[in-house]
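The values are calculated or read from the model by the stated rules, or taken from the named source; none is laboratory data. Everything quoted here is computed from the prediction, not taken from an experiment. Cβ placement follows ideal geometry from the backbone for every residue including glycine, while neighbour counts extend to all protein chains displayed. Surface areas here come from the heavy atoms of the whole protein model, side chains and all, with no ligands, DNA or RNA. Shrake-Rupley method; radii C 1.70, N 1.55, O 1.52, S 1.80 Å.
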Amino acid sequence: MVYTLGISGINSENPAAALVKDGTLIAAVEEERFNRIKHSKGFPFPQKSIRYCLEHAEIKFSELDSIGVGWGSPVQHFKRELLLALRRPILLPNYKSWVSVYKKEKQYPFFRDRRISYHLHHLSHASSAFHVSGFKKANIITMDGRGETTSTMLAVGLDSRDIRVLKEFSLLNSIGALYESFTDYLGFTRHSHEGKVMGLASYGEPLNYDSIMKLKNQGYSLETLDRYLHMLRRVKRKLQGEKLDSFKALLKKTYGPLRKKDAPITKKHQDVAATIQVIQERVVARLAEVLYDKTGIKNFCLAGGSSLNCVSNGKLLESEFVKEIYVQPASSDSGTAIGAAYLEWIKLSGKPSNFKMEHAYWGPEFTNEQILEELKKTKLKYRYYKDISGTVAELINKGKIIGWFQGRMEIGPRALGNRSILANPTDRKMKDKVNLQVKHRECYDEKTEILTQGGWKKFKDISDNEIVATLNPKNNKLGYQKILKKVKYKYNGKMVRFKNKRIDLLVTPNHRIWAKKIFNHQKDSSYPRYFEFRNAIDLLRKEHLQIKAIEKWKGIEEKYFVLPKIKIEKYSHLSQIHKIPMDLWLEFLGYYLSEGCVCYDKGHHTILISQGKKSRHLGKIQNCLNKLPYKWHYNVKSFRTSNKQLYGYLKQFGKCEGKFIPRELLDLSERQLTILFEALMCGDGYKRGKQCKYYTTSKELAENVQEICLKLGYSIYTSKEIRAPKRKNLYVIRANKGSKTSWVRKNQSNIEDYSGYVYCVSVPKYHILCVKRNEKVVFSGNSWRPFAPSALLEVADEYFENARHDPFMILSFNVKKEKQKDIPAVVHVDGTTRPQTVRKKDNERYYKLIKDFGDITGIPVVLNTSFNDKEEPLVCSPLDAINCFKRTNLDYLAIGNYLVEN
Ligand SMILES: [Fe+2]
């Protein structure tokens, strides 16, 4: 027996491992599924995936015959880079990335194994499609952001064995990177939301793209003169391994300003999205033509991140010289593990590959016994059903949303009926229901507090109708919004921590941080200079800024303060005061809260404000007191007056550690809050330049002052000084008007293990909340995806135009007009959809479910979306499924033969 292992990672994205036994793929899995971090960012070595592959085959590591890596060796890499640099001196400053490849591998002893061979990245991509396509000969197109020195490759596969490279396009011609830049330009997350751009493109009309891309006889070119000049200016940074982002600047020049995240999508944006989609489609079509002219072969294999563009794939199929296409379902870099394993098998055996990858189920599988063991540990209600498919089909018909966990896990980005969430596609409202009810928002840990209209609150104490403070990113203005939904779930896993002197955040990896990335050459940067939402995990160990302070606060102006009347005895001569001008009252209250107290002695209700004779504030305080309708006198270091009504009101503030500012005053205008703030500072504060400090022993007052500072545009953090045993703890609020942001350095973020509840709320607009943790205040994010159907292969023709078997959801088809009303929840606005066609021999249980649903409704199609939380990898184990089930609002979980009820 010959075992060959393929791995990806280290120098590419998406670490994964794949095992080939005598030319047959037996296991393939992505590391993210085990460590639960999307794309396994920060953990580039597929350790757990390798372990799974070996366990599945029941072999030891030593029994592997060879190991293939889906990225060129450091020496290969170096040679290629150098050769390229000699041809294009512009690339010379890239030397750093050459060295980094070497350095990264040195960290892992694994790479000292003598059985390891390295395969060029695009060759590995090519192999991952051709060697499992079942074609004897085929044209191969690989496209992605970048390989070692190649971004697009044309090759031909012959005799199910040899791959001959015909043409390579350099990194400067990366269609993948161009697509990513368009994604970024359109305000989406690059490397992640390309699908959204593809979706948006269906609404727009393509614009002129002559200055960006030119089709040529032998392919295409992205190098126009303008772009060269542009690049020269940015050569240094651009070539330090960052994604070729002079593209984005070029887009800005061509199509106008970038779209900011969460800004409304205009017709122009739709047109720009349509432009890149057309570029992608035309490039793919031209490359296919070039290949067909050279080889005369009508079958095509596609791999690499850009091959996941189902619209472009669908169009390619329509070309007359294209007979069949095979797209590797794991088209991102994880697929290179499969490619490298096959390159090794062919090298070792000398035989051709006769294997055809007809489904994506190559990951871990669990028996009913293992599932039961996991279920017993929970308090969930569950029942065994012999006919689980039939039971679930009925539930879906009743409008229930089901977590469907069966058989071996899928490889690649799509859930294909083994780790899926299923729902009824015939119900138009199901799209919103699944989005709102199931797909989760990102969360904060339990120690985080949020600013609400009622002051700072822990997330767990938030009510369903809470009104919370939010930031308008357009003008950095603070406002309040009623929450839409409260999110709370139990979370065991990795969290991202940002911690420095002014920020402390512990959030789930998918949490959206309102941040601005910083680059070394900021002055001449084409990178975004504005704030945007970034996933916490993407900011890990990256320099960035987060917002600490606001620009504007409106608030309300009040003319008068109404002093509550007290009950008085029948014959008392006490005249009660009703209204006091608010400005005056605020100033007085500030002095009182800092320096005052009340005392009752033998019928006298005294109010005291202490102030030494030499105090520089004496005159100011006296002036204020004299304007009040009371008579004050100065005696033994304090101002005194006697008044039962005023005493009655001020009594509520108690002693120092119990003091607070009445809630209604905190919503006053910026001008009035300033009066209060200045008076408070006269007493227990300290001010120098743009910095202030305020000291108090009252926790509540400290929080109130924090809120005032925040509304006045200060960035703040509070420290607690623990003092000698008999003395009270002192809170020190440090406020700074100098900088509205905090710079988070590379070493100020890390991953932490977490077990407990996590929380968040969602708000209708802006999605930026004011939160604090350990008294460090910062503004941070809260948080559509279209759904696709799974249909029986035999009915595909009834529903989709020119339908073909597509087990991987990689092609997009038009839904027949007469059928659109039958499956409204899975039809895109332009009438297209991206269906998975299911055959009995690939997935019997899933096939039966869809068939049973068809028997009930007459429509053998179900809505299928991935079984995971937002921005979380697909669930892998029963425990992942149970955890995901618990924290989402799925109605049922069908796991093995067990049905779990929520
Ligand atoms: Fe790649």
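Couple of notes before you dig in:
- Of all residues in region 6-23 being buried (at least 24 other Cβ atoms within 10 Å of the Cβ) and among the β-branched types (Val, Ile, Thr), the one that is farthest from the ligand (Cβ to nearest atom): 20
- In region 202-218, the residues that are outside any strand (DSSP E or B) and open to solvent by 10 Å² or more (accessible area, probe 1.4 Å): 202, 203, 204, 205, 206, 207, 208, 209, 210, 211, 217, 218
- Residue identified as open to solvent by less than 30 Å² (accessible area, probe 1.4 Å) and among the acidic types (Asp, Glu) among 891, 869: 869
- In region 336-364, the residues that are assigned to a loop (DSSP other than H, G, I, E, B) and either under 28 Å from the mean Cα position of the chain (by Cα) or within 16 Å of the ligand (Cβ to nearest atom) (or both): 360, 362, 363, 364
- Qualifying position, being open to solvent by less than 70 Å² (accessible area, probe 1.4 Å), outside any strand (DSSP E or B) and in contact with a Lys or Arg (Cβ under 6 Å, 6 or more places away or on another chain), among 803, 825, 796: 825
- Any hit, region 24-44, residues being within 16 Å of the ligand (Cβ to nearest atom), over 20 Å from residue 303 (Cα atoms), at pLDDT 85 or above and in contact with a Gly (Cβ under 9 Å, 6 or more places away or on another chain): yes
- Among residues of region 277-335 being within 15 Å of the ligand (Cβ to nearest atom) and of a type in the set (A, V, I, L, M), the one that is surrounded by the most Cβ atoms within 10 Å (Cβ to Cβ) is 303.
Here is a yes/no grid of residues against (1) under 23 Å from residue 561 (Cα atoms); (2) in a strand (DSSP E or B); (3) open to solvent by 40 Å² or more (accessible area, probe 1.4 Å):
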| residue | (1), (2), (3) |
| --- | --- |
| 625 | yes, no, no |
| 639 | yes, yes, no |
| 646 | yes, no, no |
| 679 | yes, no, no |
| 694 | no, yes, no |
| 700 | yes, no, yes |
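- Checked against the criterion of being aliphatic (A, V, I, L, M) and open to solvent by 40 Å² or more (accessible area, probe 1.4 Å), region 410-433 has no qualifying residue.
- Subset of region 112-150 (residues that are more than 20 Å from residue 84 (Cα to Cα), within 16 Å of the ligand (Cβ to nearest atom) and surrounded by fewer than 24 Cβ atoms within 10 Å (Cβ to Cβ)): none
- Residue satisfying all of: in region 472-503; in a loop (DSSP other than H, G, I, E, B) and polar (S, T, N, Q); nearest to residue 43 (Cα to Cα) among these: 500
- Checked against (1) in contact with a Lys or Arg (Cβ under 9 Å, 6 or more places away or on another chain); (2) open to solvent by less than 50 Å² (accessible area, probe 1.4 Å); (3) under 13 Å from residue 769 (Cα atoms), residue 483 passes all but condition (1).
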